[in-house]
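Everything on this sheet refers to the single structure shown next.
Read-outs throughout are calculated quantities, based only on the coordinates presented, and are distinct from any laboratory measurement. As the structure is a prediction and not an experimental result, all values here were calculated from the model. Virtual Cβ from ideal backbone geometry, glycine too; neighbours counted across all protein chains shown.
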Protein chains: 2
Amino acid sequence: MAESFAPTARTKLRRRPQRGHYDKKTVYGILDAAFICHIGYVADGHPCVTPTAYWREGEAIYWHGSAASRMLRALEQGGEVCVTVTILDGLVIARSAFHHSLNYRSVMMFGNAYKVDAPEDKRARMAAFMERLYPGRNAELERVRPVRKEELKAITVLGLHLKEVSAKIRSGPPVDDEEDHALPIWAGVVPVQSLAGTPVDDGRLAAGTKLPAGLADLSHLGLGRRR
Amino acid sequence: MAESFAPTARTKLRRRPQRGHYDKKTVYGILDAAFICHIGYVADGHPCVTPTAYWREGEAIYWHGSAASRMLRALEQGGEVCVTVTILDGLVIARSAFHHSLNYRSVMMFGNAYKVDAPEDKRARMAAFMERLYPGRNAELERVRPVRKEELKAITVLGLHLKEVSAKIRSGPPVDDEEDHALPIWAGVVPVQSLAGTPVDDGRLAAGTKLPAGLADLSHLGLGRRR
């Protein structure tokens with residue numbers, strides 16, 4: 001298995017090539033730290049960008065939704081997509097307006113979507129999604145309240161093999177013009193992070209139901225914990 | 001001025017219409033609480049989704065970048081776009097795998113981009129961007145280190161008039177099947193929020209330079225403050 005994606009005409013960064021990353025470790029690290037992707041596709045000749053939850057398994061990402069969804073129906077025959085994931089890491093504050101920026105990590109993925117068709121495959125993909133979010137919960141639910149056939153039927157699962165992929169990262173302090181460092185202007189970074197708060201139950205728990213340990217600690221999600 | 005956007009065939013939510021919002025107050029509230037949008041466009045027949053910073057002024061959004069940027073060059077002649085902004089608000093944990101979800105606020109905007117051409121217009125748009133992020137900073141910088149003509153020339157500013165726009169919001173607890181409430185399974189929401197940390201200077205401040213009050217309090221950005 002190659003350790004990097006081969007850059008193509010549309011994934012190779014031409015400006016600021018130092019921000020481009022093609023190694024799978026970097027790409028997967030970003031993909032496994034976010035929850036929402038933006039799926040770009042062409043519908044009747046017009047661009048359309050739909051946000052949706054996704055997950056990665058090995059060399060593919062998956063997303064799902066109602067079988068009646070416009071986006072999923074448009075893509076289930078193998079439609080072409082550009083799927084982009086972006087994480088904001090900070091506000092970059094420079095000594096000149098021109099050099100203000102954002103710190104971020106992003107991944108762009110190009111290819112043709114495919115439909116996960118066989119019920120046992122759909123079941124396995126959805127179980128993997130649950131496991132990625134809440135390890136152990138799928139097994140717990142399957143014991144008490146298994147996924148029903150008609151529930152599986154009501155959703156469409158699409159996948160994208162990761163082949164034409166690049167990451168783009170900006171990190172670190174502002175890059176000011178050398179002579180501007182003498183100016184009496186504050187410059188630096190305001191870090192930004194997505195944090196998970198304390199879980200709030202829905203007020204309808206059956207008597208004696210406790211928060212499982214797996215939901216009390218969501219550190220595997222790459223979310224910080226809000227205190 | 002109309003208070004709502006008129007739904008069109010592609011902005012009207014067909015499934016779960018209760019999640020659709022067309023009033024400008026709701027749409028602008030979401031747009032003014034996020035920093036990064038995803039610009040979808042068609043390049044040589046292929047979909048492409050580029051993440052970038054944006055800002056809103058009245059009935060338009062703007063974004064900018066290097067005049068050499070592929071995306072900006074593709075769109076500056078009035079290319080068609082779908083621009084999507086998404087904010088993750090929570091992980092929705094239900095009593096069945098099927099009803100797990102995410103809480104989010106998103107806006108989709110369709111139309112043709114236009115280039116902000118006149119230097120004085122570009123200057124005004126960029127000043128508004130700075131003012132949206134860091135009120136007062138633009139005036140401070142203009143006194144000490146004004147934007148140079150060649151800096152303005154090096155960037156392209158694009159805009160999109162907000163006409164064909166909708167918001168989609170999911171909030172609140174999981175919606176479980178009625179009979180599942182008796183099961184001994186925890187259900188509720190893990191709130192997620194983007195928080196700003198303490199500003200970190202770049203280690204090259206001129207002697208005596210202090211953090212301006214405007215950067216110490218970023219509450220206007222809709223970011224929580226990390227403690």
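Details
- At most 10 other Cβ within 10 Å, DSSP loop - trypsin sites (Lys or Arg not before Pro), region A:1-76: A:R14
- Inter-chain Cβ neighbour average for residues B:135-147, partner chain, 10 Å: 3
- C-alpha long axis of helix A:119-133 to longest principal axis of chain A, angle in °: 50
- Shortest-first nm distances, B:K210 label point to equivalent points in other copies (7 Å, Cα→Cβ): 5.1
- When each of the peptides B:183-193, A:114-124 is scored by the mean number of other C-beta atoms lying within 10 Å of its residues, the order from highest to lowest reads B:183-193, A:114-124.
- The largest-to-smallest principal axis extents of the Cα set in region A:7-97 are 50, 31, 27 Å.
- With a 10 Å cut-off around each Cβ of A:98-107, the average count of Cβ atoms from other chains is 4.
- Dividing the summed helix terms, -39500 (n - 2.57) for each DSSP H run of n ≥ 4, by the number of residues in the protein assembly as shown produces a 222 nm estimate of -5500 deg cm²/dmol to the nearest 500.
- Geometric descriptor of the protein assembly as shown, per residue, is 154 Å³ (volume of the convex hull of the Cα atoms).
- Nearby aspartates and glutamates by direct alpha-carbon distance to B:K12 (threshold 12 angstrom, same-chain neighbours under 8 apart not counted): B:E164
- Residue order, fewest to most beta carbons within 10 Å, for A:C48, A:C82: A:C48, A:C82
- Whole-number percent relative contact order across region B:20-109, with pairs defined as alpha carbons under 8 Å at least 6 apart: 26
- Summary value for chain B: 25 percent relative contact order, contacts being C-alpha pairs under 8 angstrom separated by 6+ residues.
- Using the Cβ-Cβ distance between A:R73 and A:H161 with R0 set to 25 Å, the FRET efficiency works out to roughly 0.75.
- The HN-Hα couplings worked out from phi for region A:64-79 by the Karplus form 6.51 cos²θ - 1.76 cosθ + 1.60 (θ = phi - 60°) are 8, x, 4, 4, 8, 4, 4, 4, 5, 5, 5, 9, 5, 8, x, x Hz, whole numbers, x standing for Gly and Pro.
- Peptide A:174-185 - average C-beta neighbours from other chains (10 Å radius): 4
- Spin-label model, A:R15/B:D121: points 7 Å from Cα along the beta carbon direction are separated by 2.0 nm.
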